[in-house]
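Below: the structure, in structure tokens.
The values are calculated or read from the model by the stated rules, or taken from the named source; none is laboratory data. All of these numbers come straight from a predicted model, not from anything done at the bench. Please note: Cβ atoms are built from the backbone with ideal geometry, for glycine as well, and neighbour counts cover all protein chains shown.
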Amino acid sequence: MTNLLMLASTKVDPSRANYHVSGLLWSTVFIVLIIALCLDLFVFNRHEHEVSMKEAALASCLWIALGIAFGIHVYFDISSQAAGQYFAAYVLEKSLSVDNLFVIALLFSYFAVPKIYQHRVLYWGVIGALVLRGIFIALGAVLIARFEFVLAIFGIILLLSAYKMSFSSHDAVDPEKNPLLKLMRKRMKMTKHYQGKKFFIVSKGIRYATPLFAVLLIVETTDVVFAFDSIPAVFGISSDPFIVFSSNAFAILGLRSLYFLIAGLLGKFESLKYGLSFILAFIGVKLMAGYLFDWHPPEWLSLGVIAVSLGVSITYSILVPSKSVEIDEHLGEGLVDLDEAFDDAPEEEL
């Protein structure tokens with residue numbers, strides 16, 4: 001995947017910002033990601049436990065500091081223009097991740113995932129997201145390099161996504177309609193109950209998947225759906241694969257801590273989706289205008305639109321609270337009977 005990303009970075013349309021990123025810098029990104037993930041799993045979270053607000057806040061600060069530090073490194077190693085694009089893409093991806101957290105919170109509630117195991121699902125979900133988004137970004141960069149009109153298609157996708165986000169409701173998410181879950185039930189034997197932190201267990205020589213693995217699969221598929229919004233949006237800020245991938249990676253790294261930090265507050269930011277919708281619409285128009293009229297606004301304008309839109313929507317959410325039911329009222333209670341949700345599972349208690 002690294003070779004594909006590096007190859008794409010040399011073929012992007014030269015009319016847009018395109019940087020000569022060394023193999024050493026690419027390697028540095030992957031090494032930092034691997035070290036960070038290993039520390040998170042084998043040092044900071046060796047034992048399963050419920051993540052406290054204090055722990056989540058400290059971890060969030062560390063992840064954000066790491067993302068900022070890398071942006072500063074981009075400033076000195078590449079250019080100020082590249083750093084501006086990185087920070088704009090980082091803030092955008094971080095903001096879109098908050099919308100993704102709404103869905104994850106509903107999924108955890110729907111399947112009554114014990115809080116002690118939620119970090120485990122998010123951890124492996126992040127690894128899957130990094131791999132899948134790396135593939136999507138590499139393919140997107142190659143497509144843009146070969147067919148410039150793909151930018152206009154991305155613009156249309158973002159405009160449609162902005163419209164959908166403005167009028168959609170997170171409560172409408174129905175995991176039962178997830179095609180991967182349906183396929184899993186047909187092809188795999190499943191237990192009715194959680195088996196601790198395990199995704200699979202073996203009993204009498206037969207392998208069974210647990211509900212925790214089903215939740216992980218659904219989290220991964222929902223991230224793929226969100227990637228169709230976020231990746232075209234980031235390509236609207238920079239066409240350089242290194243900037244797109246690194247901003248996505250460092251933003252996603254802090255997703256787990258951010259979830260535990262603001263899970264109880266997600267219901268208070270209902271108006272955030274309107275700010276995100278405006279940002280997606282702006283970038284969609286920017287991509288289409290760039291392709292049709294060769295209009296490429298400076299990086300500070302994109303960063304300004306993102307900052308103002310988020311600031312206004314968050315402030316409005318705080319001053320005018322939503323009347324909808326807050327997500328934290330349901331967290332951990334479960335909206336379905338697991339026996340009914342996994343009625344195809346074996347009767348034997350494992």
Query raised in the report: Which of the residues belonging to the range 282-323 are in contact (Cβ under 8 Å) with a residue 40 or more places away in the chain, closer than 19 Å to S230 by Cβ and hydroxyl-bearing (S, T, Y)?
Result: S302, S313
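Scanning for something in contact with a Lys or Arg (Cβ under 7 Å, 6 or more places away or on another chain) and of a type in the set (A, V, I, L, M), does the range 115-135 turn up at least one residue? If you could, list the steps in order and put the result at the bottom.
Narrowing the range 115-135 to residues in contact with a Lys or Arg (Cβ under 7 Å, 6 or more places away or on another chain): 117, 119-120, 122-123, 126.
Subset that is of a type in the set (A, V, I, L, M): 122, 126.
Yes, the range 115-135 contains at least one residue that is in contact with a Lys or Arg (Cβ under 7 Å, 6 or more places away or on another chain) and of a type in the set (A, V, I, L, M).
For the range 186-215, give me each residue that is aromatic (F, W, Y) and outside any strand (DSSP E or B). Working first, answer last.
Start the filter on the range 186-215 by keeping residues that are aromatic (F, W, Y), which leaves 194, 199-200, 208, 213.
Passing the criteria: Y194, F199, F213.
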Query raised in the report: Name the pairs whose Cβ atoms lie under 8 Å apart, with the first residue in the range 41-64 and farther than 18 Å from Y117 by Cβ, the second at pLDDT below 75 and surrounded by 12 or more Cβ atoms within 10 Å (Cβ to Cβ), and 6 or more positions between them or separate chains?
Result: none
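What tally of residues in the range 247-259 results from selecting those that are in a helix (DSSP H, G or I) and either more than 13 Å from the chain's Cα centre (by Cα) or farther than 17 Å from T28 by Cβ (or both)? So that I can check it myself, show each step before the final result.
Pass one, the range 247-259, residues in a helix (DSSP H, G or I): 247-253, 255-259.
Restricting the remaining residues to those that are either more than 13 Å from the chain's Cα centre (by Cα) or farther than 17 Å from T28 by Cβ (or both) gives 251-252, 255-259.
Total meeting the criteria: 7.
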Report task. Out of A82, A57, report the one residue that is touching a Leu at 6+ places or on another chain (Cβ under 7 Å), in a helix (DSSP H, G or I) and among the hydrophobic types (A, V, I, L, M, F, W, C). Result -> A57
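How many of the residues in the range 69-84 are within 22 Å of S27 (Cβ to Cβ) and without any contact (Cβ under 8 Å) to a residue 12 or more places away in the chain?
Matching residues across the range 69-84 total 5.
What about K204, is it at pLDDT below 85, closer than 24 Å to W63 by Cβ and basic (K, R)? Let's see the steps before the verdict.
On the way: at pLDDT below 85: yes; closer than 24 Å to W63 by Cβ: no; basic (K, R): yes.
In short, no.
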Query raised in the report: Any residue in the range 21-36 that is farther than 19 Å from D223 by Cβ, surrounded by 21 or more Cβ atoms within 10 Å (Cβ to Cβ), in contact (Cβ under 8 Å) with a residue 60 or more places away in the chain and of a type outside the set (D, E)?
Result: yes
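Taking the condition of being at pLDDT below 80 and charged (D, E, K, R), how many residues in the range 44-68 meet it? Before the answer, list the steps.
Step one: list which residues in the range 44-68 are at pLDDT below 80, which gives 44-53.
Narrowing the set further to residues that are charged (D, E, K, R) leaves 46, 48, 50.
Counting residues in the range 44-68 that are at pLDDT below 80 and charged (D, E, K, R) gives 3.
Checking the conditions here, which among L92, L159 is within 25 Å of S277 (Cα to Cα), surrounded by fewer than 22 Cβ atoms within 10 Å (Cβ to Cβ) and touching a residue at least 24 places away in the same chain (Cβ under 8 Å)?
L159
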Report summary line: For the range 168-201 the number of residues that are modelled with pLDDT of 80 or more and under 23 Å from the mean Cα position of the chain (by Cα) is 2
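Quick one: which residue in V336, V312, V325, V308 is surrounded by fewer than 17 Cβ atoms within 10 Å (Cβ to Cβ), in a helix (DSSP H, G or I) and either at pLDDT below 75 or more than 22 Å from the chain's Cα centre (by Cα) (or both)? Outline the logic, then answer.
Working: V336 fails: in a helix (DSSP H, G or I); V325 fails: in a helix (DSSP H, G or I); V308 fails: either at pLDDT below 75 or more than 22 Å from the chain's Cα centre (by Cα) (or both).
Of the residues listed, the single one that is surrounded by fewer than 17 Cβ atoms within 10 Å (Cβ to Cβ), in a helix (DSSP H, G or I) and either at pLDDT below 75 or more than 22 Å from the chain's Cα centre (by Cα) (or both) is V312.
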Report summary line: For K177, the lone unmet condition from (1) touching a Phe, Trp or Tyr at 6+ places or on another chain (Cβ under 6 Å); (2) surrounded by fewer than 17 Cβ atoms within 10 Å (Cβ to Cβ); (3) closer than 28 Å to L272 by Cα is (1)
Query raised in the report: Being modelled with pLDDT under 70 and in contact with a His (Cβ under 8 Å, 6 or more places away or on another chain), is that true of even one residue in the range 33-43?
Result: no
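Can Q85 be described as surrounded by fewer than 21 Cβ atoms within 10 Å (Cβ to Cβ), more than 22 Å from M53 (Cα to Cα) and touching an Asp or Glu at 6+ places or on another chain (Cβ under 7 Å)?
Details: surrounded by fewer than 21 Cβ atoms within 10 Å (Cβ to Cβ): no; more than 22 Å from M53 (Cα to Cα): yes; touching an Asp or Glu at 6+ places or on another chain (Cβ under 7 Å): yes.
When the stated conditions are applied, Q85 does not pass them.
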